[in-house]
Amino acid sequence: MEKTVTEAIAYRRSCRVYKDVEIDATKVKQCIKNAVLAPTSSNLQLWEFYHITDKEVIKKLSSACFYQNAAKTAQQLVVVLARKDLWRQRCKSNIDFLNKAFDKPDLEERLVKRKKMALNYYQKIMPITYFDFLGIFGLLKYLIFQVVGLFRPIYRQARLSDMRIVAHKSAGLAAQNFMISMAAIGYDTCPMEGSDTLRVKQTLNIPRSAEINMIIGCGLRDDKGIYGPRFRVPFNDVYHEV
Ligand SMILES: Cc1cc2nc3c(=O)[nH]c(=O)nc-3n(C[C@H](O)[C@H](O)[C@H](O)COP(=O)(O)O)c2cc1C
């Protein structure tokens, strides 16, 4: 039986050593299906997931992960990518979806308005937000927005680096959905950013414009797989009720 959300969150630890026991790739894939249900900025879904089950590829990737135990002993790996570069494609997918979803002859007035607003968002606002050239347009937007922001609230995260963060944020949420789903079925994971991302991309034939968000080791925890008790700074240091 699957754990409850609270149980799965409590169970999930970063596991650095896995048992030499196979895990079911179909179940892992199902957890990746849960990952893509994570919320995502503007529903652009600027992410991709590589599910590695081939032992030779795992070996190559564990070298790119500096032979960390969490990669070396993993039964499978999941590479989470941030694909900011796919924004045009994803805008188009959203536009196609909207045109289909609202394709009814007797559409209510409020739905006609909603469709128009949503289409405007993906056809005009998103291209302005995401378009950039060597960071120059982003900087220009940023400066204009700072000036406008003196007079009214405005979205200020418009630089190239900001848009990369936007894509990574959503990819991180998907990664967490994945890890919690794995924990719910008693599977273990370890998120890793310690890797040579260029070598990872070369191994998986991933375009340069894609960015590695994290690599997640997967397996069943060994008795020595969890390195120590969980440490968190005091809750009241990070919690602010206003
Ligand atoms: C984005 C990210 C990157 C991480 N990179 C690594 C890593 O490269 N190697 C590693 O052993 N653990 C890595 N961790 C795991 C953290 O060290 C771990 O989450 C933290 O110590 C808290 O422990 P817990 O996950 O067991 O609660 C990473 C975690 C996150 C969220």
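Structure summary
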| quantity | calculated |
| --- | --- |
| Among residues of the range 179-228, those that are touching a Cys at 6+ places or on another chain (Cβ under 6 Å) and charged (D, E, K, R), counted | 2 |
| Pairs with Cβ under 8 Å, 6+ apart, first in the range 160-188 and without any contact (Cβ under 8 Å) to a residue 60 or more places away in the chain, second assigned to a loop (DSSP other than H, G, I, E, B) and acidic (Asp, Glu) | LEU160/ASP132 |
| Residue that is hydrophobic (A, V, I, L, M, F, W, C) and either without any contact (Cβ under 8 Å) to a residue 40 or more places away in the chain or under 26 Å from ILE165 (Cα atoms) (or both), where the choices are VAL21, VAL36, VAL17 | VAL36 |
| Long-range neighbours under 7 Å by Cβ, at least six apart or interchain, first residue more than 18 Å from ASN213 (Cα to Cα) and outside any helix (DSSP H, G or I) within the range 46-73, second away from the ligand (no atom under 12 Å from the Cβ) and not hydrophobic (A, V, I, L, M, F, W, C) | THR53/GLN76; THR73/TYR18; THR73/GLY219 |
| Residue list for the range 4-19, restricted to those being within 16 Å of the ligand (Cβ to nearest atom) and assigned to a loop (DSSP other than H, G, I, E, B) | ARG12, ARG13, CYS15, ARG16, VAL17 |
| Subset of the range 1-18 (residues that are out of contact with any strand residue (DSSP E or B) (no Cβ under 9 Å at 6 or more places or on another chain) and of a type in the set (A, V, I, L, M, F, W, C)) | MET1, VAL5, ALA8, ILE9, ALA10 |
| Neighbours by Cβ (under 8 Å, 6+ apart or cross-chain): first from the range 79-94, modelled with pLDDT of 95 or more; second of a type in the set (Ser, Thr, Tyr) and in a strand (DSSP E or B) | VAL79/TYR50; LEU81/TYR50 |
| Tally, over the range 146-203, of residues that are touching an Asp or Glu at 6+ places or on another chain (Cβ under 9 Å), within 13 Å of the ligand (Cβ to nearest atom) and part of a loop (DSSP other than H, G, I, E, B) | 0 |
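One line per residue, one yes/no per condition, for (1) more than 26 Å from GLY194 (Cβ to Cβ); (2) aliphatic (A, V, I, L, M):
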{"site": "ASP24", "(1), (2)": "yes, no"}
{"site": "VAL28", "(1), (2)": "no, yes"}
{"site": "PHE66", "(1), (2)": "no, no"}
{"site": "ALA70", "(1), (2)": "no, yes"}
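Each row is one residue, and each column tells you yes or no for (1) in contact with a helix residue (DSSP H, G or I) (Cβ under 9 Å, 6 or more places away or on another chain); (2) hydrophobic (A, V, I, L, M, F, W, C).
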| residue | (1), (2) |
| --- | --- |
| PHE137 | yes, yes |
| PHE145 | no, yes |
| VAL148 | no, yes |
| ARG164 | yes, no |
| ALA175 | yes, yes |
| ALA183 | yes, yes |
| PRO191 | yes, no |
| THR203 | yes, no |
| PRO207 | yes, no |
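The values are calculated or read from the model by the stated rules, or taken from the named source; none is laboratory data. Given the structure is predicted, the values throughout are model-derived calculations rather than measurements. Positions of Cβ are backbone-derived with ideal geometry, glycine not excepted, and every protein chain shown enters the neighbour counts.
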